[in-house]
Structure formats: C-alpha cells, structure tokens
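Colleague: Sending over a structure as structure tokens; questions will come in a sec.
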Amino acid sequence: MSQSHYGLLLAILSPFLTSISAVLKTGAAKTLGPLVVLSVGALLGTVILFFFIILKKAKFDLEIIKKHKNDLILLILSRSILGELLFTYGLSLTTSIKAIFFTKVEAYFVLFWFWILAREAIKKRHLLLLFIHIIGAIILSTGGRFKGIAEAQIGDLLIILAMGFFSYSYFPATKVSKAIGAVQTNIISLTTAGIFFLPFAIFLSPHLILKPSVGWVYLLGHTVLFTSVGLTFWLVSLKTVKGWMVSALRALGPLVGAPFAYFLFGDKLNPTQILGGAIVLTTSFLIALEHLRSSKT
C-alpha cells in the first residue's frame, strides 16, 4: 500500500473513531466533569503513547522540535487547549448524537481559514451551502421548537465554536506532523494540555477525581479510541492527504457514531432533527465535492 493510500485509509478511519469516542467522552464529561476529562484524559493518553514510542524505539529530536516550536504552540493552543475546552464543556451540556453532527461544521471553518490565510476567494455557491448548513444546524439543535436558548443550545454553540479552533489547527498540524512525527506531536500536545488543565481539575473538581464512576470507563475508552489512536491517525493522514479533504471525510463519522450513541445512551433524534442532521451532512458532502473540483482545476 502506497503512502498516499495509507494516509487516505487513516483519514477515513479517524472520523469513525472520533465519533465513537465523542459519545464516550460525552458520558465521561457528564459524570466526571469537563476539567477531569481534559486533564486526566490527556495525561492518560500520554502514558499510552509513551509505551508505543518505547516499543517502536522512536526518539524525540529536540533540534527539530525547537525549529518548529511556533507551529507546535499554535497547534497546542488551537486544538489541545482552546478547542478541547470548548468541545468538552459543550459535550457536558448537550447530547452525544447531536454533537456528532455538529462537528461536521468543521469543513466550513476550514474553508473560512483558507480564505483568511491563503486568500482563497469564497464563491457564492459556497456561501449558499453555508447558509443552508446553518439552517440545518438550527433545526438539529432545536428540533423545530424555538422556545429560547436552553442549556442544550449553549452546548451546541460551544461545540460549533470548538470546530473553529479545531479547523485552524489543520494548518500547524500539517507542518509539525511531517517534521516531528505524528506520535511525537501527539505526546507533546497531550502532555502540555494535561499539565495545563490538571491544577484546575484538582482545585475545582477534587470530589470528581476521587469519585468511583462509570465515567472512568467512558474516559478510558475515549482516551484509547481518540486521544491515543484517532488523533494519531489524523496527524499521520495529514502527511499525505490535503487538510480540507481530511476535514471533509469527517462527514462519515455519524454513520457509526449515531447508532453507537443510541445503543449506549439511548440518544436519538426526532423526525425534525433527523431532517436537520441530513441537511448538515448533505451540505458538508457538497462542500467536499466543491473542494475536490477546485483542486483539479
């Protein structure tokens, strides 16, 4: 299997793992609290990846790390700290099945960052797709019942904002994953985020850290599936697959994540929300096709 085909395979597997892990992370965030998930989950992922590094006999090149420290800092801030903070708090307020669909807005944020950073013009049909996408997201969030902003809608909004930071992270992540290595980059990001959030978890949520809970099982499952495996797959795929394509392929996630959320927590959407979810996925798929056409011209 060629490197490009291998990267594409991992880009397809990553959203499946991400969607399942998002369901598990939701359960962990609701029972253990966001700060415990952010700190302990990151540090646990670091430990798992360190064992992988030892088995692989891989090394950290400090000179290369120093050379790419600016991009590494941007990656850590945008994804591991700000993005994860918003995403995890959002998960604690909404349902996992809605969260899976809302993460698909990431493709539009990638388009936005390409417009800002690469000066790519945004076409009118892209704006039309975005407008329809937003309508679908509102329908998905509210179920067609507009009775003010509730806790669930705040959680949905936080997840959407998190996608803005996650989408920006594609730019520095592409650079550092190629230069430093996917696993090494993941370890540095997780360690930094875990150490950053740990004092907040200790002082603000000490009772949750010591509390026996099924949330620890959810957190372990999330850590293995996403923090250790899914995120590494994402970083590896960025070495050979364009960032916008990797982002667009994340629209595949609900195919696995939605049934998993139903069987694990009984999360389901009413008919109106299913319509909203279909609009979200369809517009995400169409914007991916637009990217594909533009890349061939």
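Colleague: Can you name every one of the helices (runs of 4 or more DSSP H) wholly within the stretch 1-68 that holds 2 or more residues which are in contact with a Gly (Cβ under 8 Å, 6 or more places away or on another chain)?
Modeller: Those helices (runs of 4 or more DSSP H) span 3-32, 34-56.
Colleague: Now for a separate question. If residue 262 passes every condition in (1) modelled with pLDDT of 80 or more; (2) surrounded by 17 or more Cβ atoms within 10 Å (Cβ to Cβ); (3) in a helix (DSSP H, G or I) but one, which one does it miss?
Modeller: (2)
Colleague: Of all residues in the stretch 52-72, which are under 22 Å from residue 223 (Cα atoms) and either hydroxyl-bearing (Ser, Thr, Tyr) or modelled with pLDDT of 85 or more (or both)?
Modeller: 72
Colleague: Taking the condition on the phi < 0 side of the Ramachandran plot, modelled with pLDDT of 80 or more, aliphatic (A, V, I, L, M) and surrounded by 15 or more Cβ atoms within 10 Å (Cβ to Cβ), does residue 246 pass?
Modeller: no
The values are calculated or read from the model by the stated rules, or taken from the named source; none is laboratory data. Keep in mind it's a predicted model, so treat the numbers as computed, not measured. Don't worry about glycine lacking a Cβ; one is built from the backbone with ideal geometry, like all the others, and counts go over all protein chains shown.
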